[in-house]
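Reading through the structure tokens given below for one structure.
The values are calculated or read from the model by the stated rules, or taken from the named source; none is laboratory data. A quick note: this is a predicted structure, and the numbers were derived from the prediction, not measured. Ideal geometry is used to build each Cβ from the backbone, glycine not excepted, and the neighbour counts take in all protein chains shown. Accessible surface areas use protein heavy atoms only, side chains included; no ligands, DNA or RNA. Shrake-Rupley method; radii C 1.70, N 1.55, O 1.52, S 1.80 Å.
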Amino acid sequence: MEKKHSKDPLHGITLQKIVEKLVAFYGFDTLGELIKIKCFTTNPSVKSSLTFLRKTEWARKQVEELYLRSLPKF
């Protein structure tokens, strides 16, 4: 039986992995400029960012979109 692979580039990638990859590539300063949310600008940490992003759909969408646009750069 053949396994079907999802065409969704975010399939199997956790929000934590996305945030960690973006922070490693851009840093919190640049992330705060690219996406205007306080969890990236005021006392930033991966943990606080994840807490906010899990509760806030619009912010999570922006982070996922930035991740997808950034994939070729990684």
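Odds and ends about this structure:
- Where a residue in region 24-37 is outside any helix (DSSP H, G or I) and its partner, wherever it lies, is small (Gly, Ala, Ser), with Cβ under 6 Å and at least six apart: 37/59
- Residue 51 being open to solvent by less than 40 Å² (accessible area, probe 1.4 Å), out of contact with any Leu (no Cβ under 9 Å at 6 or more places or on another chain) and at pLDDT 95 or above: no
- Qualifying residue in region 41-64 (condition: aromatic (Phe, Trp, Tyr), touching a Phe, Trp or Tyr at 6+ places or on another chain (Cβ under 6 Å) and free of Cβ contacts under 8 Å to residues at least 24 places away in the same chain): no
- Hey, residue 45 farther than 21 Å from residue 74 by Cβ and open to solvent by less than 60 Å² (accessible area, probe 1.4 Å) or not: yes
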